[in-house]
1. For the stretch 169-184, give me the residue count where each residue is over 12 Å from VAL220 (Cα atoms) and within 23 Å of the chain's Cα centre (by Cα).
2. Test each condition in (1) under 18 Å from the mean Cα position of the chain (by Cα); (2) of a type outside the set (D, E, K, R); (3) more than 23 Å from SER75 (Cβ to Cβ) for ALA202 and report the one that comes out false.
3. How many of the residues making up the stretch 251-267 are over 15 Å from GLN225 (Cβ atoms), open to solvent by less than 30 Å² (accessible area, probe 1.4 Å) and within 12 Å of the ligand (Cβ to nearest atom)?
4. Scan the stretch 10-39 for residues that are more than 10 Å from the ligand (Cβ to nearest atom) and surrounded by fewer than 22 Cβ atoms within 10 Å (Cβ to Cβ) and report the count.
5. In the stretch 309-337, how many residues are touching a helix residue (DSSP H, G or I) at 6+ places or on another chain (Cβ under 8 Å) and within 16 Å of the ligand (Cβ to nearest atom)?
6. Among the numbered criteria (1) over 25 Å from PHE155 (Cα atoms); (2) touching a residue at least 60 places away in the same chain (Cβ under 8 Å); (3) touching a Phe, Trp or Tyr at 6+ places or on another chain (Cβ under 9 Å); (4) surrounded by 15 or more Cβ atoms within 10 Å (Cβ to Cβ), which one does ASP270 miss?
7. Is it the case, given these coordinates, that GLU306 is open to solvent by 50 Å² or more (accessible area, probe 1.4 Å), over 15 Å from GLY218 (Cα atoms) and touching a helix residue (DSSP H, G or I) at 6+ places or on another chain (Cβ under 8 Å)?
8. Looking at (1) of a type outside the set (Asp, Glu); (2) touching a Pro at 6+ places or on another chain (Cβ under 7 Å); (3) surrounded by fewer than 23 Cβ atoms within 10 Å (Cβ to Cβ), which one does ILE80 not meet, given that it meets all the others?
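The values are calculated or read from the model by the stated rules, or taken from the named source; none is laboratory data. Keep in mind it's a predicted model, so treat the numbers as computed, not measured. Note that we place each Cβ from the backbone using ideal geometry, even for glycine, and neighbour counts take in every protein chain shown. These area figures cover heavy atoms from the full protein model, side chains too; ligands, DNA and RNA do not enter into them. Shrake-Rupley method; radii C 1.70, N 1.55, O 1.52, S 1.80 Å.
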Amino acid sequence: MKLANDLFLRAFTDERLPRPPLWLLRQAGRYLPEYRASRARFPSFMDACRSKEFCAEVMLQPLARYPLDAAILFSDILTIPDAMNLGLSFGVGEGPKFASPLRDERAVSALRKPALESLQYVFDAVAHCKQALTDHVNGEVVQRIPLIGFSGSPFTLACYMIEGAGSANEFAHVRRMMFQRPDLLERVLEVNTQSVIEYLEAQAHAGANVLMIFDSWGGVLSPSQYRKYSLASITKIVAELKRRLPGIPIISFSKGANVSLAAQAQLGADALGIDWQTDLAEARASVGAKITLQGNFDPALMATDEATLRRAVHDAWSGFDPHHRYIANLGHGITPDANPELVHVLLDEIHRSANA
Ligand code: CP3
């Protein structure tokens, strides 16, 4: 389908762009009062995710406020473990919890790739979001901006599945299993890898234009552990998706793993997410000129003030070319305490600085 604004897709090519495209990690969410109002209609977060109408409605909310260059499916990375029947719930103010975490050999051997039908609600949400992004212009159907589909990485999903919750101690159960029973961790990773391949492929078939892999916890590992337990499975996924879906750009984001950027550059992804703990110029030097970088404003800036934010945007691009293979974004998800008005400032300063 024709795109009214394809700046985001052009950032995956060698073209020099007039300005970088911009979207925000977690752009739909609790920092927006209209999100909180829509969300209040559902008792549980996963119930909300099962409603394609809700997903499309909140996916559009940030786009109604801001001229963003990409939309992201509204869903969660924990849909796959949920479909594996590990008893997912989201307690109020507590984050995700699994009633049956994978702590022993029996639980790990019983783990199976979920049937895709149990995730059909996500593919329906993708199709519904896609439809909500289309307009009729002069008798032609046009998609406003590209739609991003996403999944957690096998390691990040394994973290929640084994720990049973988000972790105050950086997933100690997972790291213990890695040392004592690496065979069990590897089996979980293999089931997750096959699940993520099918899941992302189905999102692309339902209409996603770009796919992103969130490896939120790869950074709790040492560089050699990271390559073995996280990067290897992301590499497998990307190789398989490149074979099945030629032409669909893939973004991989391993938060906290910037020391391994040179290794990430070899994984086969079109773009790498960069968190705020790395300078963009240094990231560019590590990955070379052929990989698109996405990031990396500190989400903390979105709860500061206009002058501070403008200065930070300006400084972030020192020694860095924002016109070539670059997607402006935050270095991690926007937080519930962010000031929605500052998103206008961020956009304005990005447009200005790119023209300076
Ligand atoms: O607009 C968007 O960016 C799309 C939606 C999106 C959500 N989660 C919605 C959500 C995306 C891309 C995610 C990814 C996700 N989910 C990640 C990877 C990104 C990252 O931040 O590293 C992770 C680790 C999760 C798991 C997860 N889901 C957590 C830790 C939480 C927060 C729990 C809490 O209460 O703070 C969620 C819930 C969640 N996912 C919310 C939203 C908007 C908030 C819950 C609510 O509205 O009740």
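1. 0
2. So ALA202 meets the others, but not (3).
3. Our first condition is that a residue be over 15 Å from GLN225 (Cβ atoms); within the stretch 251-267, this holds for 251-253, 255, 258, 261-262, 265-267.
Okay, now just the ones that are also open to solvent by less than 30 Å² (accessible area, probe 1.4 Å), so 251-253, 258, 261, 265, 267.
So of that shortlist, the ones also within 12 Å of the ligand (Cβ to nearest atom) come out as 251, 253.
Adding up the residues that qualify gives 2.
4. 12
5. 9
6. Tallying (1) over 25 Å from PHE155 (Cα atoms); (2) touching a residue at least 60 places away in the same chain (Cβ under 8 Å); (3) touching a Phe, Trp or Tyr at 6+ places or on another chain (Cβ under 9 Å); (4) surrounded by 15 or more Cβ atoms within 10 Å (Cβ to Cβ), ASP270 fails exactly one: (1).
7. Numbers: open to solvent by 50 Å² or more (accessible area, probe 1.4 Å): yes; over 15 Å from GLY218 (Cα atoms): yes; touching a helix residue (DSSP H, G or I) at 6+ places or on another chain (Cβ under 8 Å): yes.
Against the criterion (open to solvent by 50 Å² or more (accessible area, probe 1.4 Å), over 15 Å from GLY218 (Cα atoms) and touching a helix residue (DSSP H, G or I) at 6+ places or on another chain (Cβ under 8 Å)), GLU306 qualifies.
8. Among (1) of a type outside the set (Asp, Glu); (2) touching a Pro at 6+ places or on another chain (Cβ under 7 Å); (3) surrounded by fewer than 23 Cβ atoms within 10 Å (Cβ to Cβ), the lone unmet condition for ILE80 is (3).
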